[in-house]
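The values are calculated or read from the model by the stated rules, or taken from the named source; none is laboratory data. The model shown is predicted, which means the values in this text are computed figures rather than measured ones. Cβ: placed from backbone, ideal geometry, glycine included. Neighbour counts: every protein chain shown. Please note that ligands, DNA and RNA were not included when accessible areas were found on the heavy atoms of the full protein model with its side chains. Shrake-Rupley method; radii C 1.70, N 1.55, O 1.52, S 1.80 Å.
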Amino acid sequence: MTITDPTAPLLTSKEVATMLVVSESTLSRWRESGDGPSFIRMGGIFRYTADDVAAFVKEHRA
């Protein structure tokens, strides 16, 4: 995964869960199973880019 804009803020799991209207535990399960949006792992901290979250939503539209 490449960050296209290194100055763009990284989103927390809580922010992404709120955006997707799911619980943080659902987002965590998606991370573990590989079903959720792409993420960046820095040690034990997970962050997301807005572009990756938008791509995830676009991929899952019915």
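Tabulated values for the structure
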| item | result |
| --- | --- |
| Scope region 4-37; condition polar (S, T, N, Q) and either modelled with pLDDT under 95 or touching a Leu at 6+ places or on another chain (Cβ under 8 Å) (or both); matching residues | T4, T7, S13 |
| Region 1-40, subset among the basic types (K, R) and either in contact with a helix residue (DSSP H, G or I) (Cβ under 9 Å, 6 or more places away or on another chain) or in contact (Cβ under 8 Å) with a residue 24 or more places away in the chain (or both), residue least open to solvent (accessible area, probe 1.4 Å) | R31 |
| Residues that are over 20 Å from R61 (Cα atoms) and of a type in the set (V, I, T), drawn from region 6-50 | T7, T12, I40, I45 |
| Inter-residue pairs, beta-carbon under 7 Å, first farther than 11 Å from A8 by Cβ and in region 46-62, second open to solvent by less than 60 Å² (accessible area, probe 1.4 Å) and charged (D, E, K, R), 6+ apart | F46/R31 |
